[in-house]
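The values are calculated or read from the model by the stated rules, or taken from the named source; none is laboratory data. Everything quoted here is computed from the prediction, not taken from an experiment. Methodologically, a virtual Cβ is constructed for each residue, glycine included, from the backbone with ideal geometry; neighbour enumeration extends over all protein chains shown.
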Amino acid sequence: MQGGHLVFEEAKLIIKFPAGSTFLIPLSCITHFNMPTGEGEFRASFTQYIAGEVFCWVENGFLTDNIMEGWDPEKHTVVMKERKGPWGRGLEKISTMNQLLEVL
């Protein structure tokens with residue numbers, strides 16, 4: 001196989017995945033793309049998406065921010081300070097170089 005590898009621009013990293021591999025990445029945290037395939041080669045992939053608000057809803061104990069606003073103001077302030085936001089949650093999900101090397 002000559003192409004279809006996953007490229008992470010900022011990390012200057014190219015990863016060659018075996019056929020049938022699954023890979024999860026927080027799209028908003030790192031620029032990525034697939035290298036073109038070689039002549040006569042074919043690679044297929046699919047992308048799934050989940051809105052960041054779903055993670056907030058789970059962090060809120062399955063309540064919307066609007067319902068949380070009716071909480072005790074102190075409790076609401078504590079929850080909002082502890083919330084990591086999409087960047088914080090996304091960065092926690094990115095594998096380290098050592099973790100990637102362990103699976104190769």
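Go through (1) at pLDDT below 80; (2) polar (S, T, N, Q); (3) not in a loop (DSSP other than H, G, I, E, B) for N98 and report which single condition fails.
Checking N98 against (1) at pLDDT below 80; (2) polar (S, T, N, Q); (3) not in a loop (DSSP other than H, G, I, E, B), the one that fails is (1).
Name the residue, out of F33, F17, that is surrounded by 10 or more Cβ atoms within 10 Å (Cβ to Cβ) and within 15 Å of the chain's Cα centre (by Cα).
F33
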